[in-house]
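Contents: one structure, followed by commentary.
The values are calculated or read from the model by the stated rules, or taken from the named source; none is laboratory data. The structure displayed is predicted, hence computed values, not measured ones. So basically every Cβ, Gly included, is an ideal-geometry build from the backbone, and we count neighbours across all protein chains shown. Areas reflect the complete protein model, heavy atoms only, side chains present, ligands, DNA and RNA absent. Shrake-Rupley method; radii C 1.70, N 1.55, O 1.52, S 1.80 Å.
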Amino acid sequence: MTSLRKLGSSDLQVSTLSLGGNVFGWTADEAQSFAVLDAYTAGGGNFVDTADTYSSWIPGNVGGESETLIGKWFAARGSRSDVVLATKVGLHPEYKGLAAATIKAGAEESLRRLGTDYIDLYYTHQDDETVPVEEIITALDQLVKEGKVREIAASNISPARLRASLDFSEREGLARYVALQPQYNLVSRDTYEGELQDLGAEAGLAAVPYFALASGFLTGKYRAGTTVDSPRAGGAAQHLETERGQKVLTALDGIARERDAEIATVALAWLASRPTVVSPIASARTVEQLPALLAVDDLRLTDQELTALTEASA
(Lines give C-alpha, C1' and ligand atoms only; values in the text may rest on other atoms or scores of the structure.)
Protein backbone atom coordinates (compact mmCIF):
# COMPACT_ATOMS: atom_id res chain seq x y z
CA MET A 1 0.00 0.00 0.00
CA THR A 2 1.35 3.40 -0.95
CA SER A 3 2.16 5.65 1.99
CA LEU A 4 0.59 9.10 1.93
CA ARG A 5 2.40 12.34 2.64
CA LYS A 6 0.94 15.60 3.96
CA LEU A 7 0.95 18.35 1.34
CA GLY A 8 2.52 21.34 3.09
CA SER A 9 0.23 23.04 5.59
CA SER A 10 -2.92 21.67 3.91
CA ASP A 11 -5.10 18.74 4.94
CA LEU A 12 -4.43 17.01 1.63
CA GLN A 13 -2.71 13.62 1.86
CA VAL A 14 -0.97 12.58 -1.35
CA SER A 15 0.96 9.59 -2.67
CA THR A 16 4.74 9.75 -3.10
CA LEU A 17 4.28 9.74 -6.89
CA SER A 18 2.05 12.26 -8.63
CA LEU A 19 0.81 11.10 -12.03
CA GLY A 20 1.36 13.69 -14.76
CA GLY A 21 -1.60 14.14 -17.08
CA ASN A 22 0.25 16.00 -19.84
CA VAL A 23 0.29 12.89 -22.06
CA PHE A 24 -3.48 12.30 -21.91
CA GLY A 25 -4.96 13.36 -25.23
CA TRP A 26 -1.46 13.77 -26.65
CA THR A 27 0.68 10.60 -26.80
CA ALA A 28 -1.94 8.55 -24.91
CA ASP A 29 -5.42 8.22 -26.42
CA GLU A 30 -8.59 7.70 -24.36
CA ALA A 31 -8.18 3.93 -23.94
CA GLN A 32 -4.50 4.25 -22.94
CA SER A 33 -5.24 7.14 -20.58
CA PHE A 34 -7.98 5.19 -18.83
CA ALA A 35 -5.71 2.13 -18.52
CA VAL A 36 -2.89 4.22 -17.01
CA LEU A 37 -5.25 5.97 -14.55
CA ASP A 38 -6.73 2.60 -13.55
CA ALA A 39 -3.31 1.04 -12.98
CA TYR A 40 -1.97 4.08 -11.11
CA THR A 41 -4.87 4.17 -8.66
CA ALA A 42 -4.86 0.35 -8.31
CA GLY A 43 -1.17 0.68 -7.39
CA GLY A 44 -2.02 3.06 -4.55
CA GLY A 45 -1.49 6.40 -6.32
CA ASN A 46 -4.00 9.16 -5.56
CA PHE A 47 -2.47 12.43 -6.88
CA VAL A 48 -3.23 13.35 -10.51
CA ASP A 49 -1.73 16.49 -12.05
CA THR A 50 -3.02 18.22 -15.17
CA ALA A 51 -3.51 21.72 -16.60
CA ASP A 52 -6.11 23.53 -18.68
CA THR A 53 -3.62 24.02 -21.54
CA TYR A 54 -2.72 20.31 -21.97
CA SER A 55 -2.32 19.60 -24.91
CA SER A 56 -2.88 22.79 -26.90
CA TRP A 57 0.54 22.46 -28.56
CA ILE A 58 -0.66 19.61 -30.77
CA PRO A 59 -2.04 20.63 -34.21
CA GLY A 60 -5.82 20.24 -34.09
CA ASN A 61 -6.01 20.45 -30.29
CA VAL A 62 -7.39 23.51 -28.51
CA GLY A 63 -6.32 22.85 -24.91
CA GLY A 64 -8.31 21.02 -22.27
CA GLU A 65 -7.93 17.58 -23.85
CA SER A 66 -6.25 16.13 -20.76
CA GLU A 67 -8.87 17.53 -18.36
CA THR A 68 -11.66 16.22 -20.61
CA LEU A 69 -10.23 12.68 -20.58
CA ILE A 70 -9.74 12.74 -16.80
CA GLY A 71 -13.33 13.99 -16.43
CA LYS A 72 -14.59 11.11 -18.57
CA TRP A 73 -12.57 8.68 -16.45
CA PHE A 74 -14.05 10.09 -13.22
CA ALA A 75 -17.54 9.68 -14.68
CA ALA A 76 -16.87 6.13 -15.85
CA ARG A 77 -15.26 4.98 -12.58
CA GLY A 78 -17.14 7.08 -10.02
CA SER A 79 -13.77 7.71 -8.43
CA ARG A 80 -13.60 11.49 -8.03
CA SER A 81 -13.43 11.46 -4.22
CA ASP A 82 -10.54 8.94 -4.25
CA VAL A 83 -8.22 11.28 -6.15
CA VAL A 84 -6.42 14.47 -5.15
CA LEU A 85 -6.82 16.43 -8.36
CA ALA A 86 -4.45 19.24 -9.32
CA THR A 87 -4.90 21.50 -12.34
CA LYS A 88 -3.57 24.87 -13.43
CA VAL A 89 -4.64 28.21 -14.90
CA GLY A 90 -2.84 30.84 -16.94
CA LEU A 91 -1.51 29.19 -20.10
CA HIS A 92 -4.65 28.02 -21.95
CA PRO A 93 -4.71 29.74 -25.38
CA GLU A 94 -8.09 31.34 -24.58
CA TYR A 95 -7.35 32.04 -20.90
CA LYS A 96 -3.83 33.42 -20.87
CA GLY A 97 -2.44 35.32 -17.90
CA LEU A 98 -3.65 35.76 -14.35
CA ALA A 99 -6.08 38.68 -14.40
CA ALA A 100 -8.91 38.03 -11.92
CA ALA A 101 -11.49 37.55 -14.71
CA THR A 102 -9.19 35.07 -16.48
CA ILE A 103 -8.68 33.01 -13.32
CA LYS A 104 -12.43 32.89 -12.68
CA ALA A 105 -13.33 31.95 -16.27
CA GLY A 106 -10.44 29.44 -16.52
CA ALA A 107 -11.54 27.71 -13.33
CA GLU A 108 -15.16 27.40 -14.53
CA GLU A 109 -13.99 25.84 -17.79
CA SER A 110 -11.70 23.39 -15.96
CA LEU A 111 -14.54 22.35 -13.65
CA ARG A 112 -16.81 21.80 -16.65
CA ARG A 113 -14.27 19.67 -18.53
CA LEU A 114 -13.37 17.67 -15.43
CA GLY A 115 -17.05 17.08 -14.63
CA THR A 116 -16.51 18.00 -10.99
CA ASP A 117 -17.60 20.80 -8.67
CA TYR A 118 -14.23 21.21 -6.94
CA ILE A 119 -10.49 21.17 -7.66
CA ASP A 120 -8.29 19.93 -4.81
CA LEU A 121 -5.16 21.89 -5.72
CA TYR A 122 -5.25 24.84 -8.12
CA TYR A 123 -1.97 26.24 -9.47
CA THR A 124 -1.12 29.45 -11.21
CA HIS A 125 0.71 27.74 -14.09
CA GLN A 126 3.16 30.55 -14.72
CA ASP A 127 3.39 33.85 -12.90
CA ASP A 128 2.01 36.89 -14.73
CA GLU A 129 4.01 39.86 -13.51
CA THR A 130 1.69 42.30 -15.29
CA VAL A 131 -0.93 41.50 -12.63
CA PRO A 132 -0.42 42.55 -8.98
CA VAL A 133 -0.15 39.61 -6.57
CA GLU A 134 -3.04 41.17 -4.64
CA GLU A 135 -5.38 40.66 -7.60
CA ILE A 136 -4.21 37.08 -8.19
CA ILE A 137 -4.53 36.00 -4.55
CA THR A 138 -7.91 37.71 -4.13
CA ALA A 139 -9.27 35.89 -7.21
CA LEU A 140 -7.95 32.54 -5.98
CA ASP A 141 -9.31 33.20 -2.49
CA GLN A 142 -12.76 33.82 -4.00
CA LEU A 143 -12.67 30.34 -5.61
CA VAL A 144 -11.78 28.83 -2.24
CA LYS A 145 -14.61 30.73 -0.51
CA GLU A 146 -17.04 29.43 -3.17
CA GLY A 147 -15.91 25.84 -2.52
CA LYS A 148 -14.64 25.42 -6.09
CA VAL A 149 -11.01 25.07 -5.01
CA ARG A 150 -9.69 23.46 -1.82
CA GLU A 151 -6.07 24.66 -1.83
CA ILE A 152 -3.97 26.98 -4.00
CA ALA A 153 -0.40 26.67 -5.26
CA ALA A 154 2.08 28.28 -7.64
CA SER A 155 4.28 27.02 -10.46
CA ASN A 156 7.06 28.92 -12.23
CA ILE A 157 7.20 31.90 -9.86
CA SER A 158 10.12 34.04 -8.69
CA PRO A 159 11.12 34.16 -5.01
CA ALA A 160 10.23 37.87 -4.83
CA ARG A 161 6.71 37.37 -6.19
CA LEU A 162 6.19 34.28 -4.04
CA ARG A 163 7.15 36.19 -0.91
CA ALA A 164 4.87 39.10 -1.85
CA SER A 165 1.98 36.66 -2.42
CA LEU A 166 2.51 34.92 0.93
CA ASP A 167 2.81 38.23 2.77
CA PHE A 168 -0.43 39.51 1.24
CA SER A 169 -2.30 36.29 2.14
CA GLU A 170 -1.05 36.52 5.72
CA ARG A 171 -1.84 40.21 6.08
CA GLU A 172 -5.37 39.96 4.68
CA GLY A 173 -6.25 36.53 6.04
CA LEU A 174 -6.82 35.12 2.54
CA ALA A 175 -6.10 31.72 1.01
CA ARG A 176 -2.37 31.03 1.00
CA TYR A 177 -0.22 28.93 -1.30
CA VAL A 178 0.50 25.49 0.18
CA ALA A 179 2.69 24.09 -2.60
CA LEU A 180 5.14 24.96 -5.37
CA GLN A 181 5.61 23.17 -8.67
CA PRO A 182 9.16 23.90 -9.85
CA GLN A 183 11.18 22.22 -12.58
CA TYR A 184 13.49 20.03 -10.53
CA ASN A 185 15.40 16.80 -11.15
CA LEU A 186 18.92 15.36 -11.06
CA VAL A 187 20.01 17.29 -14.18
CA SER A 188 17.99 20.48 -13.52
CA ARG A 189 18.64 21.68 -9.99
CA ASP A 190 19.43 25.35 -10.53
CA THR A 191 15.91 26.77 -10.96
CA TYR A 192 14.70 25.47 -7.58
CA GLU A 193 17.65 25.07 -5.23
CA GLY A 194 18.70 28.25 -3.49
CA GLU A 195 16.40 31.17 -2.78
CA LEU A 196 13.13 29.57 -3.96
CA GLN A 197 13.70 26.34 -2.05
CA ASP A 198 14.76 28.26 1.07
CA LEU A 199 11.63 30.40 0.96
CA GLY A 200 9.47 27.33 0.37
CA ALA A 201 11.02 25.60 3.39
CA GLU A 202 10.61 28.69 5.57
CA ALA A 203 6.93 29.02 4.55
CA GLY A 204 6.18 25.30 4.91
CA LEU A 205 5.36 24.84 1.21
CA ALA A 206 5.42 21.38 -0.34
CA ALA A 207 7.40 21.01 -3.58
CA VAL A 208 5.76 18.93 -6.32
CA PRO A 209 8.45 18.95 -9.04
CA TYR A 210 7.63 18.67 -12.73
CA PHE A 211 9.99 17.11 -15.31
CA ALA A 212 11.00 14.80 -12.44
CA LEU A 213 12.57 12.45 -15.02
CA ALA A 214 13.87 15.23 -17.32
CA SER A 215 11.48 14.39 -20.20
CA GLY A 216 12.50 10.73 -19.93
CA PHE A 217 16.29 11.20 -19.83
CA LEU A 218 16.42 9.85 -16.26
CA THR A 219 14.78 6.57 -17.28
CA GLY A 220 18.13 5.63 -18.82
CA LYS A 221 16.70 4.83 -22.24
CA TYR A 222 18.52 7.74 -23.91
CA ARG A 223 22.13 6.74 -24.63
CA ALA A 224 24.80 7.82 -27.09
CA GLY A 225 24.17 6.12 -30.42
CA THR A 226 20.57 5.14 -29.65
CA THR A 227 17.42 6.60 -31.17
CA VAL A 228 14.23 6.73 -29.12
CA ASP A 229 10.90 7.14 -30.89
CA SER A 230 9.27 9.75 -28.64
CA PRO A 231 7.91 13.27 -29.12
CA ARG A 232 10.05 14.22 -26.12
CA ALA A 233 13.30 12.72 -27.46
CA GLY A 234 14.85 16.08 -28.31
CA GLY A 235 14.31 17.46 -24.82
CA ALA A 236 15.71 14.35 -23.19
CA ALA A 237 18.68 13.78 -25.49
CA GLN A 238 20.14 17.26 -24.87
CA HIS A 239 21.31 16.04 -21.44
CA LEU A 240 23.51 13.41 -23.12
CA GLU A 241 25.73 16.20 -24.36
CA THR A 242 26.50 17.60 -20.90
CA GLU A 243 29.09 16.44 -18.39
CA ARG A 244 26.44 16.54 -15.67
CA GLY A 245 24.15 14.28 -17.70
CA GLN A 246 26.90 11.70 -18.24
CA LYS A 247 27.94 11.70 -14.57
CA VAL A 248 24.34 11.35 -13.40
CA LEU A 249 23.68 8.40 -15.74
CA THR A 250 26.85 6.64 -14.54
CA ALA A 251 25.86 7.10 -10.89
CA LEU A 252 22.27 5.98 -11.55
CA ASP A 253 23.48 2.89 -13.45
CA GLY A 254 25.66 1.82 -10.54
CA ILE A 255 22.99 2.25 -7.85
CA ALA A 256 20.25 0.67 -9.98
CA ARG A 257 22.47 -2.38 -10.51
CA GLU A 258 23.34 -2.65 -6.80
CA ARG A 259 19.72 -2.28 -5.68
CA ASP A 260 18.17 -4.31 -8.52
CA ALA A 261 15.96 -1.31 -9.30
CA GLU A 262 14.97 0.58 -12.42
CA ILE A 263 16.99 3.71 -13.18
CA ALA A 264 13.80 5.81 -13.15
CA THR A 265 12.95 4.53 -9.66
CA VAL A 266 16.38 5.56 -8.34
CA ALA A 267 16.12 9.02 -9.91
CA LEU A 268 12.67 9.56 -8.37
CA ALA A 269 13.83 8.24 -4.98
CA TRP A 270 16.62 10.84 -4.91
CA LEU A 271 14.12 13.58 -5.73
CA ALA A 272 11.56 12.36 -3.17
CA SER A 273 14.26 12.52 -0.49
CA ARG A 274 15.13 16.18 -1.13
CA PRO A 275 14.19 18.88 1.39
CA THR A 276 10.60 20.18 0.86
CA VAL A 277 9.81 17.64 -1.90
CA VAL A 278 6.59 15.74 -1.20
CA SER A 279 5.53 14.17 -4.50
CA PRO A 280 7.49 14.27 -7.78
CA ILE A 281 5.39 14.27 -10.95
CA ALA A 282 6.03 11.69 -13.66
CA SER A 283 3.82 10.72 -16.57
CA ALA A 284 3.25 7.32 -18.16
CA ARG A 285 2.01 6.80 -21.67
CA THR A 286 1.50 3.06 -21.15
CA VAL A 287 0.68 0.80 -18.21
CA GLU A 288 4.08 -0.90 -18.69
CA GLN A 289 5.86 2.33 -17.71
CA LEU A 290 4.07 2.62 -14.36
CA PRO A 291 5.69 -0.02 -12.10
CA ALA A 292 9.10 1.70 -12.19
CA LEU A 293 7.43 4.98 -11.17
CA LEU A 294 5.23 3.58 -8.40
CA ALA A 295 8.21 1.67 -6.99
CA VAL A 296 9.61 4.98 -5.67
CA ASP A 297 7.49 4.43 -2.58
CA ASP A 298 9.44 1.28 -1.65
CA LEU A 299 12.99 2.39 -2.43
CA ARG A 300 14.88 4.10 0.39
CA LEU A 301 18.33 5.12 -0.78
CA THR A 302 21.18 5.06 1.74
CA ASP A 303 22.94 8.29 2.75
CA GLN A 304 25.93 7.12 0.73
CA GLU A 305 23.79 6.57 -2.40
CA LEU A 306 22.05 9.93 -1.99
CA THR A 307 25.42 11.68 -1.62
CA ALA A 308 26.80 9.96 -4.72
CA LEU A 309 23.83 11.18 -6.80
CA THR A 310 23.93 14.67 -5.32
CA GLU A 311 27.65 14.99 -6.09
CA ALA A 312 27.29 13.56 -9.60
CA SER A 313 24.57 16.09 -10.37
CA ALA A 314 26.32 19.11 -8.82
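Worth a mention:
- Mean Cα-pair separation over length for the chain, i.e. relative contact order, pairs under 8 Å, 6 or more apart, %: 19
- Rounded accessible area per residue of the stretch 126-240, 1.4 Å, Å²: 43
- The distance between label points at Thr191 and Arg223 comes to 2.9 nm (points 7 Å beyond Cα on the Cα→Cβ vector).
- Heavy-atom accessible surface of the chain: percent carbon and sulfur, 1.4 Å: 50
- Relative contact order (%) - criterion: Cα under 8 Å, at least six apart; region: the stretch 187-314: 32
- Paramagnetic label reach from Asp303 (point 7 Å along Cα→Cβ; backbone nitrogen cut-off under 16 Å): within the stretch 250-265, no residues.
- A protection proxy built from the mean count of other Cβ atoms within 10 Å ranks the segments 160-171, 218-229, most packed first, as 160-171, 218-229.
- Share of Cα-Cα pairs in the chain lying beyond 35 Å, as whole percent: 16
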